[in-house]
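A short reminder: the numbers here are calculations on the coordinates, not readings from a lab. The structure displayed is predicted, hence computed values, not measured ones. A quick note on method: Cβ atoms are made from the backbone with ideal geometry, for glycine too, and the neighbour counts reach across all protein chains shown.
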Amino acid sequence: MRKKTKKESSQASGWKNLAPRSSRKPASAAAFRKRFLTGAKLFLLVLGVCSLGGGFWWLDQKVSLSTDPIDITGVGTSVNQVIFKTDGVLTNRWFGNWFGPMRSRTLMQLDISRIRKELEAEPQVEQAKVRRQYPSSLVVEIKEKQPVLVLRLRAKNNGFQDWMVADDGSLYLGTGYPTATLSLLPSLSIKPSLLRLNPDGAGYSKLDGIPSVAPLLALARKDYPGLYRDWQIVSYERPDQSDPGAHVLVRSGKVSSIRFAPNNYKAQMQRLKYLLMEPDFRKKNRIESIDLSHDRSVYAKI
């Protein structure tokens, strides 16, 4: 028998090295099904995670767009208590008449945003806050407009109506003000042409000049109550600070006419106080006029 040469042996070894060493057998049907089920489970898991994340995102958007808590407890309980707070004269009874009976109303059925908007549409209400207090209370907080003057107008029945004048110039028929409170407010006297009916015919538009007059009234009421209590009638003409003829006129029991420029009220009130303390003015029961509208100069007629 012929021995293999070294070259032939080397070639045979090379062919063996080229032979596949994997022992994996072709996949069976069971193995294919197993891999398919594993892939399907993985897909469903990813889909579930995505759906859960989308649900949380939707819930977050829903909460952020709504000021009210989301009802996850069902219909809810009936409203058993209304907590009403105000900085003015309106009462629980007023709110009860305004809102109506609470019977059969549940806390979650109430439209909080709508109640707030309708309250702020009331002429006497400046700002309102409405919220739920679980389990069964409705909390209503109101900031009212504060009158600084009273405007008396003739009514359709030939009587008179007292309109409250707020510091922003708005006019409204006041509710709940004691007679004693109204008697302390000076009356407003203006030209009829300055009164403009609202487009719907209910009430009057804001008076543009009042925001220029209101600081004088607030200063006098706070720092000079003795002088303020004597003020009876307030009127104004062109109360624009850029108008050289602009002025505010006050009629009081002591001084028939006090004329102010619509600026730097603090300095003018100081000059008025000092002037009225002078002996010649103190001994007079009645002073005809004092004009404080010319900077530092004061013109008085006894």
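Here are the numbers for this structure:
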| read-out | value |
| --- | --- |
| Length gained when the stretch residue 33-residue 85 is fully extended (0.36 nm per residue, less Cα-Cα span) | 11.7 nm |
| Ordering of 276-285, 163-172 by packing [mean C-beta count within 10 Å, highest first] | 163-172, 276-285 |
| Mean separation of Cα contacts under 8 Å, 6 or more apart, over the residue count of the range 185-302: relative contact order % | 19 |
| Net charge dipole size for the range 147-301 [Lys, Arg +1 and Asp, Glu -1 on Cβ; Debye, nearest 20] | 540 |
| Environment charge at residue 253 (Cβ cut-off 10 Å; Lys +1, Arg +1, Asp -1, Glu -1) | +3 |
| Share of alpha-carbon pairs per 5 Å distance bin for the range 203-255, given as whole % | 4, 18, 25, 23, 17, 11, 2 |
| Cα lying deepest toward the dipole's positive end in the range 147-301, options 198, 289, 174, charges on Cβ | 289 |
| Across 222/254; 156/206; 117/191, pairs whose alpha-carbon gap is larger than 26 Å | 117/191 |
| Neighbourhood charge, 9 Å Cβ-Cβ cut-off, centred on residue 301 and excluding it, Lys, Arg +1 and Asp, Glu -1 | -2 |
| Separation of the residue 156 and residue 195 label points, Cα + 7 Å toward Cβ, nm | 1.5 |
| Surface/4 estimate of mean projected area, convex hull on alpha-carbon atoms of the range 147-301, nm² | 10.3 |
| Neighbour-count order for 258, 142, 233, 190, fewest beta carbons within 10 angstrom listed first | 233, 190, 142, 258 |
| Alpha-carbon centroids, the range 109-128 and the range 255-302: separation in whole Å | 45 |
| Computed Rg/Rh of the range 248-302, alpha carbon atoms with Kirkwood Rh | 0.93 |
| Volume in Å³ per residue [convex hull over Cα atoms, computed for the range 81-144] | 76 |
